[in-house]
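Working notes, beginning with the structure itself.
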Amino acid sequence: MKKLFKILGIMLGVIFVALVGLFILGCIVGTDEESEGEIYTYKPEVISEYQPLFPPWGQTDESTITDAMYYDTIEEAIEHDDTLAKSDEESNKDANMLNHISEILHTWEGKEYVTVYYRAENLDHSKQGFVLAKCRKKDFDGKIKYAYINSQYVIARPNSKYIIHFEEDIGSSLNLSDAMQDLNPTFPDTRFVCGYAHNKNIYSLKVEGQEPDGILELDIYGRTMYFWYYDDLKSDKAGASLSYTVQRAK
């Protein structure tokens, strides 16, 4: 088992380095930034073609899913999966925090899959998780049941610090969006893109001239965070090659 975790750790390291490399590449060669008044504009100099990536970690091999792995509700499907509990070492100390949905914040429905965005919280309220989780749907004699597939999450604490320049952080989210299509319940028909911001100017965001399909306001320990998303961003450019504008933070 230790050998397996070591191999998985090496794989994760390789993927992480590759993603960081893409991000650094975008920062180095795509630095055509303009400031007209209060508007921040990013126009990359190098344009690459969009190619969705599928990280190998945290995935459930769908060929191994049996009928017994389907549950009546999304909450039950997530609660009974052990992937989330093992993904964060500290979660085991908090009664598998990430497996227990405190609040569903948004749901995206597809024909075969559903993706939920939810808040999880530990027992003493000192830590929160914000999770995107995808489940497979199956009809059992007219009753739809759900099986957990995969997820990604971020952890927030009362002393969590925000990135100072939220304008550049948007670019980081776009760079990594190509590796999030495994969470898209309507892939390959659509291109799902999302990210976080700590400034209300995110409402002025336009990526390739398109406004977000939604922006969720999150109260996190008395501070407001914003989760923005595109159900289907229309562009054939890679995430690192997407241009965007946003009103600068004061």
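The values are calculated or read from the model by the stated rules, or taken from the named source; none is laboratory data. The model shown is predicted, which means the values in this text are computed figures rather than measured ones. Positions of Cβ are generated from backbone atoms using ideal geometry, with glycine treated the same way; all protein chains shown enter the neighbour counts. Only protein heavy atoms, including side chains, enter the accessible area calculation; ligands, DNA and RNA are left aside. Shrake-Rupley method; radii C 1.70, N 1.55, O 1.52, S 1.80 Å.
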Tell me, in nm to one decimal, what length is gained between Lys250 and Asp61 on full extension, where the rule is 0.36 nm per residue of separation less the Cα-Cα distance? 63.4 nm
In Å², and per residue, what accessible area does region 185-228 have when probed at 1.4 Å with the other protein chains present? 45 Å²
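Full extension from Glu103 to Glu75: what is 0.36 nm times the residue separation minus their Cα-Cα distance, to one decimal in nm?
Length gained between Glu103 and Glu75: 9.1 nm.
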Quickly rank 138-146, 120-128, 196-204 as a protection proxy: mean count of other C-beta atoms within 10 Å, highest first. 196-204, 120-128, 138-146
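Where Lys and Arg each count +1 and Asp and Glu each count -1, what net charge lies around Ala238 among other residues with Cβ under 15 Å from its Cβ?
-1
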To check my understanding: the extent here is largest minus smallest coordinate of the Cα atoms along each principal axis. What are those three numbers for region 160-250, in Å, largest first? 38, 24, 19
Segment Lys143-Lys206, length gained on full extension (0.36 nm per residue, minus Cα span): 18.7 nm
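Rank-order 96-105, 237-246 by packing density, defined as the average count of other C-beta atoms within 10 Å over each peptide's residues, highest first. Can you show the working numbers first?
Details: 96-105: 18.3, 237-246: 21.9.
Highest to lowest by the protection proxy: 237-246, 96-105.
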Place the peptides 181-192, 214-225 in order of packing, highest mean first, counting for every residue the other Cβ atoms within 10 Å and averaging per peptide. 181-192, 214-225
